[in-house]
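The values are calculated or read from the model by the stated rules, or taken from the named source; none is laboratory data. Quantities reported herein were computed from a predicted structural model and do not represent experimental measurements. In this analysis, Cβ positions are derived from the backbone assuming ideal geometry, glycine residues included, and neighbour counts consider all displayed protein chains. Just the protein is used for accessible areas: all its heavy atoms, side chains included, with ligands, DNA and RNA removed. Shrake-Rupley method; radii C 1.70, N 1.55, O 1.52, S 1.80 Å.
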Amino acid sequence: YDQSIIAYGNSEGMQELREALPAYYAKYGLNVDAEDILITTGGSEALQFAFMTLCDPYDEIIIPEPYYTNVSSFAHSAMVDLVPVTSNMEEEFSLPDISAFEQKISRKTGAILLCSPNNPTGHVYTKDELLQLLNLCKKHDLFLIVDEVYREFCYDGKEFTSVLSFEEFSDRVICVDSFSKRYSMCGARIGALVSKNKEVLENALKLSQARLCPPDIEQVVALAA
């Protein structure tokens, strides 16, 4: 990386980084192309872009609680209302009964949001739990957003399942990713929004163009990682 001027980069992220990431996802058996990836300023921006792309002002996102506190800030800044479904410590914060989610769905619902492995509960959503939600999303024409930034942190024999592995539901799936946790580079602020839905990516790109580009030097660090 030898540049005398650190100029504005591509709004969708450095091409070299986008082309390198599919090899990482392939380790998990995932079929991801560079064109499925939008580089963001941390996973936080990927979440906010997902909210703003899928929802009109005052639309709703259903989310199991407890959830990462800043998700509320991202939703508030996107003018989106979070609708919680409570998970219980006595049940190890597993997915609440699917009927509890269905009861919360209204004409304003744009998506369901998970974090897996979950911050703060630590729950790793199983293949069956994800499939239940995907079928519900298909039934009601919703998206499923899954924050997977902790995918490397599975313990006690828990097995991680990526939402990207359900190719038959790929048109309604958005994965939020980040370099922060797995490479201990939280301050670098490099994340990704990953989806096979081209319309979602095209509209998220408009938001990316409005903020010009993700950090350039930090993308070089991410590429090295």
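Note: relative contact order over the range 46-102, using C-alpha pairs below 8 Å and six or more positions apart, is 36 percent. The H on the amide N of Leu114, modeled in the peptide plane, is under 5 Å from the matching H of Ile145, Val146, Asp147, each at least 5 residues off or on a different chain. Counting only C-alpha contacts under 8 Å and six or more residues apart, can you give the relative contact order of the chain as a whole percent? 29 percent. Farthest towards the positive end of the charge dipole of the chain, among the residues Ser4, Ala224, Met185, is the Cα of Ser4, using unit charges on the Cβ of Lys, Arg, Asp and Glu.
Shown for the range 1-126: the carbon plus sulfur share of the solvent-accessible area, taken with all protein chains present and a 1.4 angstrom probe, equals 47%. Using the beta-carbon distance between Ala100 and Lys127 and R0 = 25 Å, what value does 1/(1 + (r/R0)^6) give for FRET efficiency, to the nearest 0.05? Efficiency computed from Cβ-Cβ geometry: 0.80. A DSSP coil position with no more than 13 other Cβ atoms inside 10 Å describes the following GluC sites (Glu not before Pro) in the range 78-165: Glu92, Glu152, Glu159. Please determine, in degrees from 0 to 90 and to the nearest 10, the orientation of helix 42-54 with respect to the longest principal axis defined by the Cα atoms of the chain, where the helix direction is its Cα long axis. Between the helix axis and the principal axis of the chain, the angle is about 60 degrees.
Compared with the dominant principal axis of the Cα atoms in the chain, helix 127-140 is inclined by about 80°. Taking trypsin sites (Lys or Arg not before Pro) across the range 159-215, none is in a DSSP loop with at most 10 further Cβ atoms lying within 10 angstrom of its Cβ. About its Cα centre, the chain has a charge dipole of approximately 260 debye under the convention of +1 per Lys or Arg Cβ and -1 per Asp or Glu Cβ, with nothing else charged. For Lys27, the lysines whose Cα comes closer than 21 Å to its Cα, not counting residues fewer than 8 places off in the same chain, are Lys127, Lys158, Lys181, Lys196. Protein heavy-atom accessible surface, 1.4 Å probe, per residue over the range 1-114: 52 Å².
Per the Debye calculation on the chain with a single equal scatterer at every Cα and no solvent contribution, log₁₀ I(q)/I(0) for q = 0.11, 0.12, 0.13 Å⁻¹ amounts to -0.51, -0.61, -0.72. Once the Cα atoms are used to define both axes, helix 15-26 deviates from the longest principal axis of the chain by about 40 degrees.
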